[in-house]
1. Cut-off under 28 Å on the C-alpha distance; same-chain residues fewer than 8 positions from Lys126 excluded. Which lysines are left, in chain and number order?
2. Mind checking which aspartates and glutamates have their Cα closer than 17 Å to the Cα of Lys207? Skip sequence neighbours fewer than 8 apart in that chain.
3. Quick one: which residues, 5 or more positions from Leu87 or on another chain, have an amide H under 5 Å from its amide H? H modelled 1.01 Å from N in the peptide plane, none for Pro or chain starts.
4. On a straight-distance basis, which lysines could pair with Lys99 in a cross-link, Cα separation under 17 angstrom, same-chain partners fewer than 8 positions away excluded?
5. Taking 0.36 nm per residue of separation and subtracting the Cα-Cα distance, what length does fully extending Glu249 through Thr106 add?
6. For every helix of n ≥ 4 consecutive DSSP H residues, a contribution of -39,500 (n - 2.57) applies; sum these over the chain, divide by its total residues, and give [θ] at 222 nm rounded to the nearest 500 deg cm²/dmol.
7. With every protein chain left in place, what is the accessible area of Ser385 in Å² (1.4 Å probe, nearest 10)?
8. How long are the semi-axes of the ellipsoid equivalent to the chain, from square roots of 5 times the Cα gyration tensor eigenvalues, in whole Å, largest first?
Amino acid sequence: MNLEFNKLDNVNAELTVTLEEKDYADKVKKQLKEIGKNRPEPGFRAGHVPMALLEKKYGASVKYDIVNREIADAIYNYIRENKLRVLGQPVADKDNIFKEDEPDFTFKFKVGLAPEIEDHVGKDMKVPYYTIKVTDDMVDNEITALRKRFGVQGPGEETEPDAVIKGIISELNPDGSVKEDGIVVDNGILAPIHFTNEEQKKLFEGKHPGDVVTFNPAASCNSNVTELSSMLNIDKEDVDNHKGDFNFEIKEIIVLKPAELDQEFFDNAVGKDKAHNEEELKTAVAELIKNQLKADSDYRFTIDARQAVEKAVGNVELPEDVLKNFLMAQNEQLNKENIDEEFTKIRQQLVWDLTKDEIIERFKIEVNEEDLLNEARVAVYHQLSQYGPQSLTEGILEHYAKEVLKDQKNRDSFERNALNRKVFDVIKENVTLDNKELSLSEFRQLYAKA
């Protein structure tokens, strides 16, 4: 067997494979013998079928399979041994024809090569890094939200925006009188904050136990069948018959009483013994907000860093014909009519992936088990944080992080995330940061421009 590699241009090459009969003949005979051992023919027992009969009946197909396998293995081994950076898959020349009567074969393949990319990551590259200012209002609003989160429900004397109201719901006639034999719900419950209609919601503002409010249940929820059925305690099929006004006699108002500013709240809000008074609470909450906003700053950096690197890299030549053939082979929805349009959409991502590979190789970036654990810890942290700081002990985080890593899909996902994170960490360490401090609204405007 002979392989000849000929580079056509920067990103395309031709690989010519010449296969002689001596390269595959023994394998064809061996395969035919295996067939003879396991497949009896009329008039012959398995293992006693004449070779001439086997060759006549199966020779062509066996030869075709083995020749194709030999060529595929030869191409794969050549690429691996010569460390060629190949994109897509080798594309067979249209003149490659298998002729079963010929002993020798010469097949040609077009090979797409990864372009040489210089990432330009260095101190000459300037990338903005935005820090979001933590204001007193942000701290106060977060403390208010935390007090509600750890507050308790109890009876109230007046309705509040998030109050739950209990009472009697009674159906009315068009003239406003109580409908005889109409719907009456003795244990009605409403939460006006969830009404979709603002006018209906306002009807319950500033009300007290004993007040009677006339409202329209259908209007309050945009005639949602499920909501009406639950509110009026009727079957869904009966909802259309009860879309008029109703009275709601308020019996009880349940309001959320914010948590007291005591040690129990401090521990629940920011962690045990991290705050002992309001001033320390504000400092701890400000730090929490700062850490949360840092994630936003880091994410924005990935956008700006990628744009800076892509601009520095400039236009990149790709083996487009080979890649288009590869994509059409992988996705049956792609064809010659739409491949150009689809390739245009994914071209930028292909170039970025190649650029990342260059950065990974240049800076020797690797993902180890500790990196995977860190990714898992972050995922577990976000899952458990809804249950409060008490659920975020180091032991709990470590236990669940190791548990989620037992799933291979999770490991693969965390590995991709860790590698991506380390790429941008390397960029951040090696470029010049143009540090800028913005308000939260100014930071959001960065995305509005995009």
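The values are calculated or read from the model by the stated rules, or taken from the named source; none is laboratory data. Just so you know, these numbers come straight off a predicted model, no measurement behind them. Because the Cβ atoms are built from the backbone with ideal geometry, glycine has one as well, and the counts that use them run over all protein chains shown. Surface areas here come from the heavy atoms of the whole protein model, side chains and all, with no ligands, DNA or RNA. Shrake-Rupley method; radii C 1.70, N 1.55, O 1.52, S 1.80 Å.
1. Lys290, Lys294, Lys311, Lys345, Lys356, Lys364, Lys422, Lys428, Lys436, Lys449
2. Filter leaves Glu157, Glu158, Glu160, Asp162, Glu198, Glu199, Glu249, Glu252.
3. Gly112, Leu113, Ala114
4. Lys22, Lys56, Lys57, Lys63, Lys108
5. Numbers: separation 143, 0.36 × 143 = 51.48 nm, distance 9.14 nm.
Using 0.36 nm per residue and subtracting the Cα-Cα distance, I get 42.3 nm.
6. Working: 14 runs with 219 residues, N = 450.
That comes out to -16000 deg cm²/dmol.
7. Spelled out: Ser385, probe radius 1.4 Å, area about 40 Å².
8. Numbers: eigenvalues 903, 262, 107 Å².
For the chain, the semi-axes come out at 67, 36, 23 Å.
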